[in-house]
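Report on one structure; see the data block that follows.
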Amino acid sequence: MLVSLNWLKQYVDIEGIAAEELAEKITRSGIEVDAVIDRSQGMTNVVVGYVVSKEKHPDADKLNICQVEVGEGDVRQIICGAPNVAAGQKVIVALPGARLPGGVKIKKAKMRGQESNGMICSLQELGVEGRVVPKAYADGIYVLPEDAVPGSDALELVGLRDIVLELGLTPNRSDALSMLGVAYEVAAILSKEVKLPEIQYESISEKAEDYINVRVEAKENPLYAAKVVKNVKIAESPLWLQHYLMAAGVRPHNNVVDITNYILMEYGQPLHAFDYESLNSKEIVVRLATEGEKIVTLDEQERTLNAHNLVITNGVEPVAVAGVMGGANSEVTNETTTVVIEAAYFEGISVRRTSKELGLRSDSSARFEKGVDPNRVLLASERAAQMLAEIAGGEVLEGTVLVDDLDKTPARVVVSPDYINSRLGMKISLEEMLSILNRLQFDVEAANGLLIIDVPTRRQDIKIEEDIIEEIARLFGYDEIPMTLPEGNEQVGGLTPYQAKRRIVRNVLEGAGLYQAITYSLTSDELAQKFALKAEDTTKLLMPMSEERSTLRQSLIPHLVEAASYNVARKADSVSLYEIGSVFLGQTEEQLPYEEEHIAFVLTGKWVDHTWQGEKLNVDFFVAKGIIESLFEKLGLTDRLSFTKTTVDGLHPGQTAAIFLDGEKIGLIGGLHPTERKQYDLKETYVAELNLKAILAATVEDLVYAPVPRFPAMTRDIALELDRSKPAGEIVEIIRQAGTKLLKEVKVFDVYEGEKMEAGKKSVAFSLTYFDPERTLTDDEVVNAHNKVLKVLTEAGAELR
Amino acid sequence: MEQQLKQLEQEALAKLQAASNLKELNDVRVAYLGKKGPITDLLKGMGKLSPEERPKMGALVNAVRENVTAQLEQRAVVLEEQAIQEQLEKESIDVTLPGRPVRSGNRHPLTRVVEEIEDLFVSMGYTIAEGTEVERDYYNFEALNLPKGHPARDMQDTFYITEETLLRTHTSPVQARTMEAKKGEPIRIISPGKVFRRDNDDATHSHQFMQIEGLVVGENIRMSDLKGTLDKLAKKMFGNDREIRLRPSFFPFTEPSVEMDISCFKCGGSGCNVCKQTGWIEILGAGMVHPNVLEMAGYDSKKVSGFAFGIGAERIAMLKYGVDDIRHFYTNDSRFLSQFHRTEG
Ligand SMILES: [Zn+2]
């Protein structure tokens, strides 16, 4: 909402308050002022000029040489290129030395050899937005009325000596979508009176009801009033009216349309003017549209209606989409003489739905949607009649044709001052509360320790006690509220075990050198299930903004790979990122996807890069696996973790493992398939994803100290020749099974494949640690235990080397 | 013999002085004082001397031996010192060369902000409640006093999945569900999480972002409690000399509703580009829980009241770290992420 202070002054006394100060007060007490706009923008030397004569420039087709009087006896030559400049016009002249918006400085100049002492201006050149400039002047200079005095201040005349406050209104404050509403707010803040417009006019003896009949056939329209004004003379509106509209961001058209728009801005009540002749009927019927019914609206678009859209018809066909936009078929034109003014109350939900469906938002629909003041509908129609008589020379017919079933009683709120203070944590006196409510012009009575308040219907947002608390607090001042902390808490704060462990997981990965990434939950349909641990039904948006963000992901890996690719494309030689985020699987009883928190990471490039000492190591599968192992070690789950070779689409078939916790599959790890790497322009890249929810749900025993060993351990090594495809993990498992309780640890310490081995074979060396916490083991005991292991291995077909 | 002894002494002293390291010195020791050395030989030959001469010669030999031994020890100290010097010289390094890098990553700046806020509220007795990113329309809107068709729904353009399910537009559904589950009991929670709005991604908009909300419900929860709590938050995040101010605002789920500004941390209030010359920076929205919201969750709004607030983690991070484009938080450029490594303060 744009509020011209010149206009606002008509209703409330704001003399002596600087615009910035007023804006600050308004902002602090309830309505945010987004901007304070000085319409003069520091312009100087802009005066009224009289075009005495106009000749064609001898050397330029599009230029004219004008002699312009810019003060008593002060005639100057000015070159003007506007197509509409003509002798006899009063125009706006920027004299040499003038400063115009956008840093333009006017100087004496020669244009194609002819001297020019200034510039004849369009409104746009004075900083007025093109979309609000009247169409007649949109592509040329602005022409002033004949009575303008040459040499006088042109800015004053075109309403640019004005300051506009741009209000950022929240949806509840639709009352401030009108100048009067803003006036009430400002009056309450400044403790001033509101001067309402005086409505007075004379009617002629003809009766409106003889011209038009109104029938309402839809509950969405509880009030419809029509007034008839004849013999209107369509013309430009007076300047002041046009300038108020332009300041409010509305383009002037003609006096009739401008009057309806003026009242829309003044009262917040949308009006519509029909050309009586082209209505072609003596009745107005308000009804729901028939499915597929069509109307061409004022913007010359054909609209197809739904059966729940409310329309105004002439009994046969629609002439307006109720509350949204009029029809082209009944538009006021230059030939119009008799107009029907519609003032109505249309239900907000209906208007909102229609306006949304048609993709058509107007100043009118914006107000109906939020609920207009039921008590201003008829006032606005009277105001329109008055202005049509005064400004357009119209004759107002006797009476209003009215269908009225609208409840106009004010809301009553009863609240105790103690309740107000207890909710605020303050001590505001009863007198202070009454004073604030009076300033708001709420009808209030204090009785039996209660405030009984009848809220004016212009404040549709105030219905309950808390609304009154807010009104009192905001006008008393939020700065006055003390600072306390909530009392009486018995709850101990803290993280849940899950949340605490998740932070530890972050620490482990970051300690390993990974950076936390955050990527989008929405992805493309194509990537949604890629690398998914378990692909289930996907969840898709009803109306995605793009295919790329249309479906909820089931794996974190695709976006991490994209991020790695993004970094590599920007010359990062190594990337290590992890992410913790939800994947979205199938559907729960609540029709929501089952959300499972996962952790994933991507590694590419160098793992160790310590150049001057010649140490470099690229990431490989075992770097990735090591990270997972250290994570499980931190979580006390090492013994319950296992890896099994597997294949996954998009991963290298020889470098991929499924990860199990207590025998249940909870993750995958693998190298990115060469074709994928090519697509993303990546070198060797390793990824892993784990079901974090499952991992953190696995509980471990409490930590109890084990005595520090007092006796030495003994180690024995075994080297085996194995098929190249034989997993070493299986041998470790066999050794563990075979070992007596003295066998404490089995480690792989060497793997060899190459020249010295037969093709298809490898040598794997294991180191076995024997230990008894109670005593030093004898050689014989170790030999016995070790021989048992060797025996089992031999029986299993292993070849000792 | 005495002559011989003197000569031996001279020789030994000359050789031990000539020894250039401990090994050579030891060779000298063995050569002159060892069991097979000449001095020992001389002692052995004393039997041939007359009884008068024996003590005299004995004393003399001993004196020579002691002198050589003492000189040896002195020389050893020098050579040891020299050996250590040589070792130190050999082991000297260029200490200005870079150290072996220790790998270490870090949290995302948004997580850093979220955890900082979580920790503050945990210290004030709050717990952390989390919810799902996909929600029911009921918990995201209706239970928060936003019935279907309410104009204020336009404030939050929504990604719908079906007519009844959607991507949450705020973490408030966690509040609604917590209240419903607590069945009238007091509540103190903080709820961080990812939220979504139908926005085109640009420098100031992101279709996905991170929100942190707080909710306190109980008997006699006052607006002054909200103000005091927000003051703690502002000081924790932006420094102890921050002041706060509340401005009236509107959210359907709170009444009264406020927006909180902090005094500008860059200019201190005199006006600069960060605060757009106003001296104040808008930080968050808050308010007293709307009675309808309490009632819908089964609380008696006449007996129980509450406050709630919501913070955008991106906004905090952008202000705190001077980040100028919200998209940085989601492109995961290592050159961006790795900047949030060190501690502050
Ligand atoms: Zn500042």
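The values are calculated or read from the model by the stated rules, or taken from the named source; none is laboratory data. Note that the structure is a prediction, hence the values are computed from the model and not measured. Quick reminder, even Gly has a Cβ in these numbers, built from the backbone with ideal geometry, and neighbours come from all protein chains shown. The area values use the complete protein model at the heavy-atom level, side chains included, leaving out ligands, DNA and RNA. Shrake-Rupley method; radii C 1.70, N 1.55, O 1.52, S 1.80 Å.
Okay, here's what the table says:
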read-out: Leading residue by the ranking (most open to solvent (accessible area, probe 1.4 Å)) among those in the range A:25-43 that are assigned to a strand (DSSP E or B) and among the charged types (D, E, K, R); value: A:Asp34
read-out: Residues that are over 43 Å from the mean Cα position of the chain (by Cα) and either part of a strand (DSSP E or B) or among the charged types (D, E, K, R) (or both), drawn from the range A:630-655; value: A:Glu633, A:Asp639, A:Arg640, A:Leu641, A:Ser642, A:Phe643, A:Thr644, A:Lys645, A:Pro653, A:Gly654, A:Gln655
read-out: Failed item, numbered, when B:Ile262 is tested on (1) over 24 Å from B:Gly218 (Cα atoms); (2) open to solvent by 20 Å² or more (accessible area, probe 1.4 Å); (3) in the same structural domain as B:Val114 (by TED's automatic domain parsing); value: (2)
read-out: Some residue of the range B:222-233 being within 12 Å of the ligand (Cβ to nearest atom) and either under 34 Å from the mean Cα position of the chain (by Cα) or open to solvent by 10 Å² or more (accessible area, probe 1.4 Å) (or both); value: no
read-out: Selection status of A:Pro150, under 38 Å from the mean Cα position of the chain (by Cα), touching a residue at least 24 places away in the same chain (Cβ under 8 Å) and open to solvent by less than 40 Å² (accessible area, probe 1.4 Å); value: no
read-out: Complete set of residues in the range A:308-348 that are outside any strand (DSSP E or B) and either within 31 Å of the chain's Cα centre (by Cα) or not assigned by TED's automatic domain parsing to the domain that holds A:Val228 (or both); value: A:His308, A:Asn309, A:Ala322, A:Gly323, A:Val324, A:Phe346, A:Glu347, A:Gly348
read-out: Residue check for A:Glu470: farther than 28 Å from B:Ala152 by Cβ and of a type outside the set (Ser, Thr, Tyr); value: no
read-out: Contacts under 7 angstrom Cβ, first residue in the range B:264-279 being closer than 11 Å to B:Arg242 by Cα, partner at pLDDT 90 or above and open to solvent by 40 Å² or more (accessible area, probe 1.4 Å), 6 or more apart; value: B:Cys264/B:Trp280
read-out: Segments classed as helices (runs of 4 or more DSSP H), wholly inside the range B:293-345, with at least 3 members that are within 11 Å of another protein chain (Cβ to nearest Cβ); value: B:328-331, B:334-337
read-out: Residues (more than 7 Å from chain B (Cβ to nearest Cβ) and farther than 18 Å from B:Ile117 by Cβ) located in the range A:489-508; value: A:Glu490, A:Pro497, A:Tyr498, A:Lys501, A:Ile504, A:Val505, A:Asn507, A:Val508
read-out: Residue list for the range B:253-269, filter: part of a strand (DSSP E or B), charged (D, E, K, R) and within 16 Å of the ligand (Cβ to nearest atom); value: B:Asp261
read-out: Top-ranked residue of the range B:270-292 - restricted to ones that are near the ligand (Cβ under 8 Å from one of its atoms) and either at pLDDT 95 or above or open to solvent by less than 40 Å² (accessible area, probe 1.4 Å) (or both), ranked as farthest from the other protein chains (Cβ to nearest Cβ); value: B:Cys272
read-out: Selected residue [in contact with a Pro (Cβ under 6 Å, 6 or more places away or on another chain) and of a type in the set (S, T, N, Q)] from B:Ser305, B:Ser301, B:Ser334, B:Ser338; value: B:Ser301
read-out: Selection status of A:Tyr276, open to solvent by 20 Å² or more (accessible area, probe 1.4 Å), touching a strand residue (DSSP E or B) at 6+ places or on another chain (Cβ under 7 Å) and either closer than 24 Å to A:Val128 by Cβ or outside the structural domain of A:Gly393 (by TED's automatic domain parsing) (or both); value: no
read-out: Helices (runs of 4 or more DSSP H) enclosed by the range A:462-544 - at least 3 residues per element that are not charged (D, E, K, R); value: A:465-476, A:497-511
read-out: Subset tally (residues that are touching a residue at least 24 places away in the same chain (Cβ under 8 Å) and out of contact with any Leu (no Cβ under 8 Å at 6 or more places or on another chain)) for the range A:443-457; value: 8
read-out: Where A:Asp750 falls short, out of the listed (1) part of a strand (DSSP E or B); (2) surrounded by 15 or more Cβ atoms within 10 Å (Cβ to Cβ); value: (2)
read-out: All positions within the range A:524-560 that are surrounded by 24 or more Cβ atoms within 10 Å (Cβ to Cβ) and within 11 Å of chain B (Cβ to nearest Cβ); value: A:Thr539, A:Leu552, A:Arg553, A:His559, A:Leu560
read-out: Any chance B:Ala83 is within 60 Å of the chain's Cα centre (by Cα), among the small types (Gly, Ala, Ser) and open to solvent by less than 50 Å² (accessible area, probe 1.4 Å); value: yes
read-out: Qualifying residue in the range A:602-616 (condition: open to solvent by 70 Å² or more (accessible area, probe 1.4 Å), assigned to a strand (DSSP E or B) and not aromatic (Phe, Trp, Tyr)); value: yes
read-out: Members of the range B:100-132 found to be under 19 Å from B:Ile212 (Cβ atoms) and part of a loop (DSSP other than H, G, I, E, B), listed by number; value: B:Arg107, B:His108, B:Met124, B:Gly125, B:Tyr126, B:Ala129, B:Glu130, B:Gly131, B:Thr132
read-out: Among residues of the range A:263-307, those that are part of a strand (DSSP E or B) and out of contact with any Phe, Trp or Tyr (no Cβ under 8 Å at 6 or more places or on another chain), counted; value: 16
read-out: Scan of the range A:462-471 for residues that are surrounded by fewer than 19 Cβ atoms within 10 Å (Cβ to Cβ) and either within 26 Å of the chain's Cα centre (by Cα) or at the interface with chain B (Cβ under 8 Å from one of its Cβ atoms) (or both), ordered by number; value: A:Ile464
